[in-house]
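Chemist: Provided herewith is a single structure, encoded as C-alpha cells, for subsequent inquiry.
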Amino acid sequence: MSRALPVSLAILACMETASMAEPIALPKPALKGKVSIEAAIAARRSVRSFRKKELSRAQLGQLLWAAQGVTARREGLGLRAAPSAGALYPLEVYAATKAGLFRYLPEPHALEPLASQDPRAALSEAALGQEAVRRAPAALVVCAVYSRMTGKYRDRGPRYAQLEAGHAAQNVLLQAAALGLGGVSVGAMDDAAVQKALALPKDHEPLYIIPVGYPD
Ligand SMILES: Cc1cc2nc3c(=O)[nH]c(=O)nc-3n(C[C@H](O)[C@H](O)[C@H](O)COP(=O)(O)O)c2cc1C
C-alpha cells in the first residue's frame, strides 16, 4: 500500500528528481500576511538554533521573493522587492538545502537547480564553522556581481551592491519573522571558500549567508 509523503518530503523528493536544468516553479508569493510590518520589526531577533522541521516550497519561495522577487514593472523591467541603485540589480541569491543548491530566478519566480548534493556542511565550514549554517533547513546566500554596477557607478559600484545586499537581507529576516521563522545574517566567511563550496562563478561575490528555519 502506498503512503502519502509529508508535504516537505514530497517537495524534497520532487526537487531531487528534477532535472538539473529545468527551473522549479515556486508558488505565487503571498502579498498579505497576519503580522504587521511593525510587529515583524519588533519580533525580529537573530536566530542561530533551529528545529529539524523542513521549510515548505511556499515558505522558501516567500523568503526568496522578499529578497529579490519582482514586485512591479516599469517599461518592461521587473522591479524587485529591495531597492537597487539605478535598478541595475547586481544581486544573485542562492538557496542551500538538504536537496542541493538552487539559484533564485526572480523573473519566473523559480528555482534553478544547480547541484543535488547538500552543500550546507561545506558552506558552514566556509563560514568559519558556524553551526547555524549547517543546521538550518535553508541557508540563503546573497552574492553580488559588481560589474553590473561599476559600468555606471565606477568605484562606488561595490558599495552600492553591498548596501543593496543589506536591504535584501533585512527583507528576508522580516519576512521570516512574519512567518514565525527566524534567521541570522552571517557576514563572517571565507569568500573564496564559499565560492568553492557552492562552485559559484568567479564574479558572484558572497556577501551574506542567511540560515533560516523554525526557531528552536
Ligand atoms: C554585517 C553583519 C554581519 C554579521 N555576521 C554575523 C555572523 O557571522 N554570525 C552571526 O551569528 N551573526 C552575525 N550577525 C548578526 C549579529 O550578531 C546580530 O545582529 C547582533 O548580535 C544583534 O542581535 P539581533 O540581530 O538579535 O538584534 C551579523 C550582523 C551584521 C549586521
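The values are calculated or read from the model by the stated rules, or taken from the named source; none is laboratory data. What you see is a predicted model, and the numbers here were worked out from it, not measured in a lab. Virtual Cβ from ideal backbone geometry, glycine too; neighbours counted across all protein chains shown. Note: areas computed on protein heavy atoms with side chains; ligands, DNA, RNA excluded. Shrake-Rupley method; radii C 1.70, N 1.55, O 1.52, S 1.80 Å.
Chemist: Peptides 150-160, 104-114: what's the order by average Cβ count within 10 Å, highest mean first? Don't jump to the answer; show the numbers that get you there.
Modeler: Values: 150-160: 14.5, 104-114: 18.5.
The packing order, highest mean first, is 104-114, 150-160.
Chemist: Report the net charge of residues surrounding V145, where surrounding means a beta-carbon distance below 11 angstrom and charges are Lys +1, Arg +1, Asp -1, Glu -1.
Modeler: On the way: positive: R148, K202; negative: E92, D203, E205.
That sum, taken over residues with Cβ under 11 Å, equals -1.
Chemist: Related question: DSSP beta bridges in the chain, what fraction antiparallel, as a percent rounded to 5?
Modeler: Within the chain, antiparallel bridges account for around 95 percent of the total.
Chemist: Based on the mean of other Cβ atoms within 10 Å per residue, sort peptides 32-43, 121-132 so the most packed one is first. Could the numbers behind the result be given before it?
Modeler: Working: 32-43: 11.7, 121-132: 18.8.
Order by mean packing, descending: 121-132, 32-43.
Chemist: So which of K32/K53; K28/K196; K152/K202; K28/K98 end up more than 26 Å apart by C-alpha?
Modeler: Details: K32/K53 24 Å; K28/K196 32 Å; K152/K202 21 Å; K28/K98 23 Å.
Checking Cα-Cα distances, K28/K196 exceed 26 Å.
Chemist: Between Q170 and A58, what is 0.36 nm times their sequence separation minus the Cα-Cα distance? Round to one decimal in nm.
Modeler: Numbers: separation 112, 0.36 × 112 = 40.32 nm, distance 1.92 nm.
Roughly 38.4 nm would be gained on extension.
Chemist: Return one whole number: the accessible area per residue of the chain in Å², for a 1.4 Å probe.
Modeler: Values: 10930 Å² over 216 residues.
Normalised by residue count, the accessible surface of the chain is 51 Å².
Chemist: So, R0 is 45 Å and r is the distance between the beta-carbons of S116 and A87; what FRET efficiency does that work out to, to 0.05? Present the calculation step by step, with values, prior to reporting the outcome.
Modeler: Details: r = 34 Å, r/R0 = 0.76.
After rounding to 0.05, the efficiency reads 0.85.
Chemist: Taking all protein chains as present, what is the carbon and sulfur share of the accessible area of the stretch 149-194, in % to the nearest whole number, probe 1.4 Å? Each step should come with its number before you reach the end.
Modeler: Values: 980 of 2040 Å².
The C+S portion of the solvent-accessible surface of the stretch 149-194 is 48 percent.
Chemist: Can you tell me which of 71-82, 204-215 comes out highest on packing, and rank the rest after it, using the mean Cβ neighbours within 10 Å?
Modeler: Details: 71-82: 13.1, 204-215: 23.2.
Per-residue Cβ counts within 10 Å, averaged per peptide and sorted highest first, yield 204-215, 71-82.
Chemist: Find out how many positive minus negative residues lie around A177, taking Lys and Arg as positive, Asp and Glu as negative, among other residues whose Cβ is under 9 Å from that of A177. Kindly include the intermediate steps, with their values, before the conclusion.
Modeler: Values: positive: R44, R45; negative: none.
Neighbourhood net charge equals +2.
Chemist: Do the sum for the chain: with -39,500 (n - 2.57) for every DSSP H run of n ≥ 4, divided by all residues, what is the mean residue ellipticity at 222 nm, to the nearest 500 deg cm²/dmol? Present the calculation step by step, with values, prior to reporting the outcome.
Modeler: Numbers: 8 runs with 79 residues, N = 216.
It lands at -10500 deg cm²/dmol.
Chemist: Using a basic spin-label model with each label point 7 Å from the Cα along Cα→Cβ, how many nm lie between L31 and L163?
Modeler: Spacing of the two 7 Å Cα→Cβ label points: 2.9 nm.
Chemist: Given points 7 Å out from each Cα along the Cα-Cβ axis, report the S49 to D191 separation in nanometres with one decimal.
Modeler: 3.3 nm
Chemist: How much net charge surrounds A87 when only the other residues with a Cβ under 12 Å from the Cβ of A87 are counted, with Lys and Arg +1 and Asp and Glu -1? Don't jump to the answer; show the numbers that get you there.
Modeler: Numbers: positive: R73, R74, R80, R148, K152; negative: E75, E164.
Once all neighbours under 12 Å are counted, the net charge is +3.
Chemist: Looking only at Cα atoms, what is the convex hull volume of the chain per residue, in Å³?
Modeler: Values: hull volume 29.0 nm³, N = 216.
So the per-residue Cα hull volume is 134 Å³.
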